[in-house]
Amino acid sequence: PTSSRRESACLSSLKGDELLEYLKWQREYHLIRRSDGLNIDLHCGIVPGSFAFGLEHNALWSDVQNVKIAGRDMPQLSPESMPLVLCANGTKDYWSELDRVADVAAVITKFSELDWELVLDRAEQMSIRRALLLALELSHSLLSEPIPSIVLRQIESDRALPMLSAKIRRRWLNCDGRRAGADSILFHLHIRERWTDRVRYLLHQFVPTVGDRAAAPLPEQVSFLHYFVRPVRLVGKFVTKN
């Protein structure tokens with residue numbers, strides 16, 4: 001399951017405007033099996049809005065390709081877009097698992113003729129350049145994945161990357177696969193290069209989540225009170241994990 005029983009019950013109860021607002025923000029729809037609460041989420045976006053990434057940029061969808069699956073044409077992101085999505089996925093979860101790095105390395109190996117100038121340009125447009133460089137640095141230093149000189153030069157010129165890379169390594173060595181409270185928020189602030197993106201990310205952290213709704217069920221008429229529940233629960237998480 002990807003959520004607790006209480007959260008699954010809360011997701012099942014969403015209706016009308018509440019459901020539409022949840023889909024707009026979280027960009028996923030949940031299929032929940034009533035017998036045991038098993039939760040499968042279907043995504044209608046790359047990452048939830050709370051991470052304030054620019055991945056919904058038109059550039060990501062400008063060169064979608066069709067591939068044959070079971071005799072049908074299915075849309076697939078171009079090779080130049082795949083590293084961007086994978087780096088965002090790893091960043092979203094604070095690189096909790098090493099297999100996320102292996103995924104990045106596998107794409108680089110499979111598509112050896114990537115147009116790296118285009119990849120870097122798109123990363124800049126989507127405000128995830130540093131996140132991409134961190135993903136590539138980890139795949140290069142940990143898995144010996146060769147990367148082109150144009151990428152290495154940008155990695156070497158970014159003074160924040162050694163600190164961020166060391167932070168990820170310490171997390172793995174400490175065997176802490178959870179999102180680590182305040183440390184996770186600090187990581188997400190450092191991974192962003194623009195102050196405007198950092199402010200957007202911080203503001204988005206105060207939007208109530210399904211966990212907040214499940215922890216304090218409220219009638220729809222007073223659901224706005226979840227905006228007061230959210231900061232209290234955030235503080236509680238930081239106190240217990242730090």
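Read-outs: derived from the displayed coordinates by stated rules, not from any lab. None of the values given here were measured: they were computed from a predicted structure. Cβ placement follows ideal geometry from the backbone for every residue including glycine, while neighbour counts extend to all protein chains displayed.
Things to note:
- The angle between the Cα long axis of helix 116-125 and the main principal axis of the chain comes to about 30°, on a 0 to 90 degree scale.
- A helix-only calculation puts the chain at -16500 deg cm²/dmol for mean residue ellipticity at 222 nm, using -39500 (n - 2.57) for each DSSP H run of at least four residues, averaged over all residues.
- Inter-label distance, nm, simple model (7 Å from Cα along the C-beta direction), His43/Ser223: 2.4 nm
- Each of Gln221, Trp116, Ala160 was placed along the dipole of the stretch 101-242 (beta-carbon charges, centred on the mean Cα), and the one lying farthest toward the positive end is Gln221.
- Once backbone amide H atoms are built at 1.01 Å from N, Glu28 has Cys44 as its partners under 5 Å, excluding neighbours fewer than 5 places away on the same chain.
- Cα long-axis angle, helix 181-190 against the chain (0 to 90 degrees, to the nearest 10): 40 degrees
- With 0.36 nm allotted per residue and the present C-alpha distance subtracted, the Arg194-Ser12 stretch has 61.8 nm of extension available.
- Modelled FRET efficiency - R0 30 Å, Gln65 with Leu23, Cβ distances, 0.05 increments: 0.65
- Extended-chain gain in nm, criterion 0.36 nm per residue less alpha-carbon gap, Val207 and Met74: 44.4 nm
- Contact order normalised by residue count of the stretch 34-143, Cα under 8 Å, 6+ apart, percent: 28 percent
- Extension gain, Asn174 back to Arg34 (0.36 nm per residue minus Cα-Cα distance, nm): 46.8 nm
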